[in-house]
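Structure, as structure tokens:
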Amino acid sequence: MRLRYVAVSLMFVAAGTSDGQAARRSAQSGKSPEVRIDYTKETLPNGLTVLYHVDHSTPVAAVLLWYNVGSKMEQPGKTGFAHLFEHMMFKGSKNVADGQHLALLEAAGARTGPDMSGTTSWDRTNYFEQVPSNQLELALWLESDRMGTLTEALTKEKLDNVREVVKNERRQTVDNQPYGSWLEKSEEALFPEPHPYHHSIIGSMSDLSAASLEDVRSFFKTYYAPNNAVLVVAGDIDVPQTKAMVRSYFGPIPRGPAPPRLAGTSLPATVGYENRVVVQDPLAPAPQIFVAYRVPPVKDPRAPVVRILANVIGGGNSSRLDEALVRRQQIATSVTGFNLGLADGGDMLVFFATGKAGSNPDSLERALLAELAGTSSFTQSELERARAADRFSFVDGLQTTGGFGGRADRLAEGWTFFRDPNHVNTVLRQIDRVTLDDLNALARERLVPTNRVILIYVPAKKTATQTSSTRVP
């Protein structure tokens, strides 16, 4: 669905002007048009926060649940539990047989993937489905049944099945993937133990193997409770009728215990050293260099500066790295830059460059580091290009009701991270406030040798991946 600006749920706020006039004036002034995602909020007696967003432009409705649990809540020796549970949530509940959650939604007109799925991050786990609006009650019932009764249908056989699925996923995405270990190695270097971001989302093989049925039940009881979640119902809905359904299905679910407070997230601004790691990777077809820095997190006021900094340096064909390494020096086949979007204590800003097959990784590393060393004197035109890209990425996501970056997702994000669903309506103003001084100051502060990990992946004919590392104060 592509939602026009003139739709009720996403519209320009510009008194006395048409939407087109507001858009043109905003473009000419370098300022974003204001957007407004309207919502209604209520909190059930069991602590469940519910947000309702109305959009009658198409006859679809989205149901989205964000649980305030991600890999950062996991304890040592029990990594990978949040992601494990993402899979467990599709293995059946008291009134829904194993595999029937998706099957029932498909029969109602939803599509696997675009319309219904679950995802796990460091900071939250979410589940969503988008259905024809006359099937909204089915979606609400399905989500409420697994929130309230999943452990009643939990068996060791299901746990063993999911455990093997997740282990195989780790093999495919990390262990047997070219450059697959870069994220884990970067996390370990930038977020030393016992920081909650030190370990990966997918967890270790040993921890997954050791997970017991009681461990899983305890994890569910602690984090999969209504008072640790936000439910967003968005789209072609009648709010009073939808409220009645939500109260009927979710209201009887008992409140859970208060989850343990997250501790140990405080970090110095910089790491304090440079960590250089050489990885002999038998799966790598060409050398690849990753350079990752610790930067302010999503909850920090400088989060928009981080995103724009990533875009200026490594975002797209107009970025500094692409201009220097791909087009001018022709030493890299591709480059990119992005931040992970972590919420607590710090975030990761990473740049990587892929060399040509058979090329010298040392030359690629020197070229990449030379360009990053010069990133503290940006221009206004670079800022405006990156700002425009950030605006577009945000507004483009709002064209959808559910799914990643959609309106329901942004409302849930605002409540979970900021305790404010209206946060979605402040994002464009935050982007507009970023100045050239902000950009240059953050680069000078964080893009320094004593705040980074360098990963050099070297193609090698080895029986197993080998690494060597150097730490420089």
Lys72 - would you say it is in the same structural domain as Glu184 (by TED's automatic domain parsing) and under 30 Å from Pro194 (Cα atoms)? yes
Give the residues of segment 248-284 that are touching a strand residue (DSSP E or B) at 6+ places or on another chain (Cβ under 9 Å) and either charged (D, E, K, R) or in a strand (DSSP E or B) (or both), sorted by residue number. Tyr273, Glu274, Asn275, Arg276, Val277, Val278, Val279, Gln280, Asp281
Do we find a residue being in a helix (DSSP H, G or I) and either among the acidic types (Asp, Glu) or modelled with pLDDT of 95 or more (or both) anywhere in segment 189-199? yes
For residues that are touching a strand residue (DSSP E or B) at 6+ places or on another chain (Cβ under 9 Å), outside any helix (DSSP H, G or I) and aliphatic (A, V, I, L, M), tally how many sit in segment 91-122. 3
Helices (runs of 4 or more DSSP H) (entirely within segment 391-460) containing at least 1 residues that are within 15 Å of the chain's Cα centre (by Cα): 407-418
Selection status of Gln330, touching a residue at least 40 places away in the same chain (Cβ under 8 Å) and within 15 Å of Leu368 (Cβ to Cβ): no
Against the condition under 30 Å from Ser133 (Cα atoms), in contact with a Ser or Thr (Cβ under 8 Å, 6 or more places away or on another chain) and not assigned by TED's automatic domain parsing to the domain that holds Phe417, how does Gly235 come out, does it pass? yes
Of all residues in segment 206-233, how many are in contact with a helix residue (DSSP H, G or I) (Cβ under 6 Å, 6 or more places away or on another chain), more than 14 Å from Leu154 (Cα to Cα) and assigned to a helix (DSSP H, G or I)? 1
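The values are calculated or read from the model by the stated rules, or taken from the named source; none is laboratory data. Remember, predicted model here, so these are calculated numbers, not experimental data. Virtual Cβ from ideal backbone geometry, glycine too; neighbours counted across all protein chains shown.
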